[in-house]
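The structure under discussion appears below in the form of structure tokens.
The values are calculated or read from the model by the stated rules, or taken from the named source; none is laboratory data. The model shown is predicted, which means the values in this text are computed figures rather than measured ones. Here Cβ is always computed from backbone atoms with ideal geometry, including for glycine, and neighbour counts include all displayed protein chains.
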Amino acid sequence: MKKLLFTTSVLIGMIFLTGSAGAQEDHAFPDSVKFRKNVIKWNLTPFVLWSKKNVNIGYERILSPYRSFSVNTGYFELPALFTGMVDSLNIQGSRNKGGLSFSGDYRYYFKNRNKKTAPDGLYWGIFASYYHYRFENDITVINSAVIQGNIQFGARLNIFNAGLELGYQFVLWKDRMTIDLIFLGPSLSLYAKKFTLGGELDIDSEDEYLKAIYDILSKSVPGFEQLVNDGEISTSGVNVSMGFGLRYMVQIGFRF
């Protein structure tokens, strides 16, 4: 985990240092215009897609007429991976769940394409983001003369992304309101996963009920098969893997 956080810090630092060096090439702010350099934003994406508890606030600072940087942070929660009745299994909703998110980007607004200066118009940028999420699930075997028992399953997920983005920001209502759309963001992603499995279930591993539990969790949680093979234990350390991702975001802001 320390290596992951160190890598995150280094990459974010490189992103902003690279953008700051390039910002010196732009023209100065127009003297005849009262240039509003700040935008406060609300990221609607996690609120609409995953949970009404997700509140993510952003801030964009205009550095020059065609360059800016922005940061986003807030509470992060995903819906339950699985819930309800399956045969004689009662899978309860997730509890003790919650998380956080943080992201930052450096933007280059297209000077020759956009009619206005930043933050209005088409832009591309480099970004980095970090997500942490944890949850626990209780699984109870009921309505069975063969077996009674409970299983507790928990997970901690850490995801780091770094990549490029393409977006468009509309500036409306007397240059005060903004609608920021990021519609393309290929990225390289690192995943650190830690799972726990425990409980009291006195049956053989081939029993149909345990197999049903295994089928459900193995389809929903990456790496669960290895966890089950290790038994009812808490994993020691994290399992880090690498993959690719995309970034998409809708934000509403106020410029001042």
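Couple of notes before you dig in:
- Of all residue pairs spaced 6 or more apart or on separate chains, those with beta-carbon atoms under 8 Å, a first member in segment 178-193 that is closer than 8 Å to Tyr248 by Cα and of a type in the set (Phe, Trp, Tyr) and a second member that is modelled with pLDDT under 90 and surrounded by fewer than 19 Cβ atoms within 10 Å (Cβ to Cβ) are Phe183/Tyr248.
- Scanning segment 47-71 for residues that are within 16 Å of Asp105 (Cα to Cα) and without any contact (Cβ under 8 Å) to a residue 40 or more places away in the chain returns Ile57, Tyr59, Arg61, Ser70, Val71.
- Of all the listed residues (Ala128, Ala80, Ala118), the sole one being modelled with pLDDT of 75 or more and assigned to a loop (DSSP other than H, G, I, E, B) is Ala118.
One line per residue, one yes/no per condition, for (1) among the acidic types (Asp, Glu); (2) modelled with pLDDT of 60 or more; (3) farther than 23 Å from Trp124 by Cβ:
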residue	(1), (2), (3)
Ala155	no, yes, yes
Asn158	no, yes, yes
Gln169	no, yes, no
Leu188	no, yes, no
Phe224	no, no, yes
Asn239	no, yes, yes
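- You will find that of Phe135, Phe102, the residue that is under 30 Å from Gly154 (Cβ atoms), modelled with pLDDT of 95 or more, among the aromatic types (Phe, Trp, Tyr) and assigned to a strand (DSSP E or B) is Phe102 and no other.
- Among the residues making up segment 48-62, those that are modelled with pLDDT of 95 or more, surrounded by fewer than 20 Cβ atoms within 10 Å (Cβ to Cβ) and over 18 Å from Leu172 (Cα atoms) are Val55, Ile57.
- Failed condition for Lys219, given (1) under 30 Å from Met249 (Cα atoms); (2) surrounded by 14 or more Cβ atoms within 10 Å (Cβ to Cβ); (3) modelled with pLDDT under 75: (2)
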